[in-house]
Structure formats: structure tokens, C-alpha cells
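For reference, the structure discussed in these notes is given below.
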Amino acid sequence: MERYGHGGDRWTAGEMFGRGADAFVDFSANINPLGPPDSVVRVLQEALEDKGAPVLARYPDPRARSLKRALANRYGVPEECLMIGNGGAELIDLVNAAVRPSRVGATAPSFAEYEASARKRGQEIVYLPTGEKEGFQPEPEALSKWIRSVDLAYLGHPNNPTGLTVPYGQLLAAAEEAAVAGTVLVVDEAFLDFVSDGEARSLLSRLADFPTTLLLRSMTKFYALPGLRLGWGAAHPDWIRRIEELQIPWSVNGLAQIAGEAALSDGAFENVTRRWLAVERCFMMERLRELPGALLVPGEVNYFLLKLEAPPLGGTGASRRLQQALGERGILIRDCSTYPGLDDAYIRVAVRSREENVHLLQKLGEVLGKGEIF
């Protein structure tokens, strides 16, 4: 299922389980089930219905200047400190290309693209363990030492797949350490929009104090736009120029640019999403804790990491077997054995609508209760 290193691959699931790609309830991808916002759908429809569909017939702005202005106004960041990308994955790869590191740091576990971008360039990966032993958080002394040991370091905030944020004081200390050491620190805030007080936990307002720190955001998760691919980043203008020089022309299409502007202005959608998540996250947390044979990592966002408790004998391949059992029932989950630092005892599930969440919980209880996976 994780053939391409990510969740959300309904096509591979269809091949595996003999179903159509749209015949699954997908808990393997952490996308807002409420979106995309109606305002975004409207602006896209209007653009496509415009005579001659210029949004399709003309080249898009190669620097997405209108979207940059909207981001600058929304977050109080100078336009020259902003960059727009074809999703977070493009920005991760562009940062690597601009920094040209010999040693790349990634926490274990963390998002697969950090490692993938480094490996295709033959760069050494230096892992910082943040697993169960460490409480799924970086230890302060180890974090400082790790930052000094690499040229480029990635911190997920919130982290994927744990859903945990880095304590703000520790984040500040990491940025200060990176500035002193000359290490480029990338704080990946792709899921920070799902945290109710996320902006208060971001370094965005302090970015001018940390010239070697870059922040990355995604607009595809919170606003449910993965099919359009849209992300943005903030950094010192020198870094923005270096990164944009390496970006291919028109990597961000015209539809994505106007969708991004509409999404940023839709405060009502943001409020509805946060109200939905506050309710459904608590519901899922309580029910998942009641499941037999599973331990919950209580993240802060729209997904949960679960550890499957194997019996004293056996249990090898539990995550893959649970994925198989649920896939046969039309449900997709993320097998987290592919994450460095995790093994085949771990899975990740997204938070979706109440009806879908109840369906997942019923099937999980059915499979785990019967002990089918062990």
C-alpha cells in the first residue's frame, strides 16, 4: 500500500483488493473531510466558465504574486519573505537543492519526503530518535547536538505521524542553535492549521530573528486541495531568492493560485473546521482508547498514531495484516512500519466525519476483538 511512501493511494488499494479506487473510506490520508470550501469551488467554477477560460488558456504567474500578497496580508509577513510551491513536497526538495547539504537531519519517525529528497542526492541521513522511548518528542540536549551535527535539519511541527507539536521554548532554542551553528533548520508546519492556537506556537512572527530557519506550510490538508497541490514557505529574503531561482517556471498552476486566495479569505470555513475537529477528535480519542489491543499516541491534530499490542508470542507484521483486513472491508489506514523509528506495531488513522469514524471504530473493534491480525 505504501508503494510511493505515502497514504491516500486509492489506486494501489483498488489493485490489491479488487475494488474501484473510489470504493474506499480513506483514513490513510490526513485531509479535511469537510472541504474544499464552497468559496473555493465557486471561484474555480467561475474561472472555468469565464469566456475562453483564460485561467487555462494563459500561463499562470510564475511567482504567484497575487497569492503572495494575500499571504502577506493574512500573516503580516513581507512578500519578499514568502515563496509558493506545488505542494509542500516541492518546497522540501527545493530547499535541499538550495542548501546542498552533505548531512541531512530528520527525526525518526517523520515525514518520508525529508529522507526521500536526501537519498536521491546521495546525502547522508542523520536520524534523531523521537520514538516511544523518548515519548515521541525530541530530547532538548539531543536536539541541540543533532542540529550541530548536520547541514540541514527538518522538524515536523506538528510531526507526522505522531501529531505532536514541539514545545515552543524548545522550538526557539532549536532555531537559536541552528543560527549559531550555521545549520539550516526547516520547521514543517503542514498541519499547524489544525491546531486551535497554532499561530501562537509558530516561529512565523519571530522569523527575522533566525536567518537560518525556514518555515513550510501546506494548503492541501486543511483546505482539502491535494488534487491542486499548493504550499508556501517563509524565510529570509536571501533564502527565498536562492530557492526560487531553482524552481521550474509555472510550477504552481493558475487554478491552484486562485483557489489559495479564496481559501485564505474564508474565515467561516476555518471556524467550521475547528469546531468539527474539536468534537470529532475527542470522540475518536475516547473510542480508540477503548479498543482492545491498541495504545493511542494523543496527538493534537486530525490524525492519530496507534500502537498495536501483539501477544507475547507472534504478532510480526501486525500493521500490514490489519491494513489488509480493513482493506478487504473497504477501509484504508496507514501502515507506519515504513517510517524510520517505527516498526510493524504502528498504524495511523485520520479523523473524518462521525459516520465514517463510527464505521472505522466498528471494523477496528471487529478485527482486533477477534484477534484476526495475530
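The values are calculated or read from the model by the stated rules, or taken from the named source; none is laboratory data. Note that the structure is a prediction, hence the values are computed from the model and not measured. Reconstructed Cβ throughout: ideal geometry from the backbone, glycine too, with neighbour counts over all protein chains shown. Calculation scope for accessible area: heavy atoms of the full protein, side chains included, ligands and nucleic acids excluded. Shrake-Rupley method; radii C 1.70, N 1.55, O 1.52, S 1.80 Å.
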Count of residues meeting criterion [surrounded by fewer than 23 Cβ atoms within 10 Å (Cβ to Cβ) and either among the hydrophobic types (A, V, I, L, M, F, W, C) or at positive phi (or both)] in the stretch 147-160 = 0
Filtered residues of the stretch 170-229 (kept if more than 17 Å from the chain's Cα centre (by Cα), open to solvent by 10 Å² or more (accessible area, probe 1.4 Å) and of a type in the set (A, V, I, L, M)) | LEU172, ALA173, ALA179, VAL180, ALA181, ALA200, LEU204, LEU207, ALA208
Could you check, for the stretch 68-78, whether at least one of its residues is hydroxyl-bearing (Ser, Thr, Tyr) and under 24 Å from ILE347 (Cα atoms)?
-> no
Failed condition for GLU2, given (1) in contact with a helix residue (DSSP H, G or I) (Cβ under 8 Å, 6 or more places away or on another chain); (2) modelled with pLDDT under 95; (3) within 27 Å of LEU155 (Cβ to Cβ); (4) buried (at least 19 other Cβ atoms within 10 Å of the Cβ) = (4)
Those strands (runs of 3 or more DSSP E) completely within the stretch 251-361 that have 3 or more residues that are among the hydrophobic types (A, V, I, L, M, F, W, C), in contact (Cβ under 8 Å) with a residue 24 or more places away in the chain and under 26 Å from PRO167 (Cα atoms) are 303-308, 346-350
Restricted to the stretch 1-50, and to residues that are acidic (Asp, Glu) and free of Cβ contacts under 8 Å to residues at least 60 places away in the same chain, which residue is nearest to ALA259 (Cα to Cα)?
-> GLU46
Does ARG63 meet the test of being loosely packed, with under 15 Cβ neighbours inside 10 Å and either among the basic types (Lys, Arg) or out of contact with any Ser or Thr (no Cβ under 6 Å at 6 or more places or on another chain) (or both)?
-> no
In the stretch 277-298, what count of residues is obtained for those that are of a type outside the set (D, E, K, R), closer than 17 Å to ASN32 by Cα and in contact with a helix residue (DSSP H, G or I) (Cβ under 9 Å, 6 or more places away or on another chain)?
-> 4
Check whether at least one residue in the stretch 323-337 is open to solvent by 60 Å² or more (accessible area, probe 1.4 Å), farther than 30 Å from ALA72 by Cβ and either at pLDDT below 90 or touching a strand residue (DSSP E or B) at 6+ places or on another chain (Cβ under 6 Å) (or both), and report yes or no.
-> no
Would you please list the contacts, defined by Cβ atoms under 9 Å and residues six or more apart or on different chains, that run from a residue in the stretch 196-219 that is closer than 15 Å to LEU172 by Cβ to a residue that is hydroxyl-bearing (Ser, Thr, Tyr) and assigned to a loop (DSSP other than H, G, I, E, B)?
-> ARG201/THR165; THR212/THR183; LEU215/SER202
Among the residues of the stretch 144-160, count how many are part of a helix (DSSP H, G or I) and either within 25 Å of TYR303 (Cα to Cα) or of a type in the set (Val, Ile, Thr) (or both).
-> 1
Please determine, by comparing only the residues of the stretch 82-141 that are outside any helix (DSSP H, G or I) and closer than 14 Å to LEU246 by Cα, which one is most open to solvent (accessible area, probe 1.4 Å).
-> ARG100
Those residues that are touching a strand residue (DSSP E or B) at 6+ places or on another chain (Cβ under 6 Å) and open to solvent by 40 Å² or more (accessible area, probe 1.4 Å), I need them from the stretch 338-362; list them, please.
-> GLY341, GLU356
Out of (1) on the phi < 0 side of the Ramachandran plot; (2) part of a loop (DSSP other than H, G, I, E, B), the odd one out for GLY163 is which?
-> (1)
